[in-house]
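Notes for the one structure printed next.
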Amino acid sequence: MNTFFEIAVAGHPRDYARHAAQAAFAELERLEEELSRFIDGSYVSRANRLAPGGSVTLSPDALECLLIATDLALATGRAFDPAYASERPADLDPDLPPYALDPSSHTLTSRAIRLRLDLGAVGKGYALDVMAATLREWGISSACLNSGGSSVLALGDEGTAGGGWAVGVGEEGNHRAVPLREASLAGSGTAVKGSHLIDPRTGRPAERTRRTWALAPTAAQADALSTAFFLMEETAVANLCSVHPSVGAALIREDGTLATYGALSGETSP
């Protein structure tokens, strides 16, 4: 997934925690083989080679990740879109993805002239969710998982004396600590990779220059939403959070102030 992953476990002997973490990292390696568009035999690569109307059978994880990604694309009005680089036919409804998923048969069918799926903005979050599920199978009830320093998933609430694993939103004078419990926080910005985020709705680079964060029940949701929030108008971010009470958003405005909404709500409003 072209980034690093870390696991911190609390409340268990060192050797047991190490073995549980190794099992979780084995799941990460398996998902990389299934979901990476850079690996020729992955399900995503196979889908990207489909002719219009062609189909491919997906693994359970590839299907689940794409179902999550598709739901988030619809919820964000395609501010997040795993198929943003696809060549769409002119008669395809702009609100529909350029592919169809059939959960009953685990198949994906291309509706595109040229399908180009990229799960980079949701895949590492989905990997954290699967890794966390593996830790739970090992009886790990308190852990903090981190991907790339930008996506964090917390199990339990034993990380700090006040309850929850402490993670932060904001920068410098507006920094805020968030006690993360059984949820995920992800951030998006341009500090590391520069202006790499393309708005799927326009095909142009993002106009926002300051960071955004998303809080959600799962890391896949938080990962994708933080990208979407970077591309959405502030009022649209606020509206999405009001419709989905378990979702929170934080964004740094161009004047440097921190705005928070939904499950991260606090000091400011549009």
The helices (runs of 4 or more DSSP H) lying wholly within the range 38-146 that contain at least 3 residues that are among the charged types (D, E, K, R) are 60-75, 120-137
Of the conditions (1) surrounded by 17 or more Cβ atoms within 10 Å (Cβ to Cβ); (2) on the phi < 0 side of the Ramachandran plot; (3) of a type outside the set (A, V, I, L, M, F, W, C), the single one that Arg78 does not satisfy is (2)
Going through (1) out of contact with any Leu (no Cβ under 9 Å at 6 or more places or on another chain); (2) at pLDDT 95 or above; (3) not polar (S, T, N, Q) one by one, Asp93 fails only at (2)
_Among the residues in the range 253-268, are any assigned to a helix (DSSP H, G or I) and surrounded by fewer than 24 Cβ atoms within 10 Å (Cβ to Cβ)?_
no
Taking the range 107-129 and the residues there that are among the hydrophobic types (A, V, I, L, M, F, W, C) and within 16 Å of Ala216 (Cβ to Cβ), the one that is surrounded by the fewest Cβ atoms within 10 Å (Cβ to Cβ) would be Ala121
### Message
For the range 70-81, check the following and say yes or no: at least one residue is under 15 Å from Ala222 (Cα atoms) and touching a strand residue (DSSP E or B) at 6+ places or on another chain (Cβ under 9 Å).
### Response
yes
Test: residue in the range 63-80 that is of a type outside the set (D, E, K, R), more than 19 Å from the chain's Cα centre (by Cα) and closer than 21 Å to Ala112 by Cα: no
Restricted to the range 199-244 and to residues being surrounded by fewer than 24 Cβ atoms within 10 Å (Cβ to Cβ) and among the aliphatic types (A, V, I, L, M), the residue farthest from Gly148 (Cα to Cα) is Val243
- prompt: Given the structure, is Leu31 crowded, with 19+ Cβ neighbours inside 10 Å, farther than 23 Å from Ala236 by Cβ and in contact (Cβ under 8 Å) with a residue 60 or more places away in the chain?
  reply: yes
Within the range 223-241, residues being in contact with a helix residue (DSSP H, G or I) (Cβ under 6 Å, 6 or more places away or on another chain) and closer than 13 Å to Ile68 by Cα number 2
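The values are calculated or read from the model by the stated rules, or taken from the named source; none is laboratory data. Please read all numbers here as calculations on a predicted model, not as lab measurements. We place every Cβ from the backbone using ideal geometry, glycine too, and count neighbours over all the protein chains shown.
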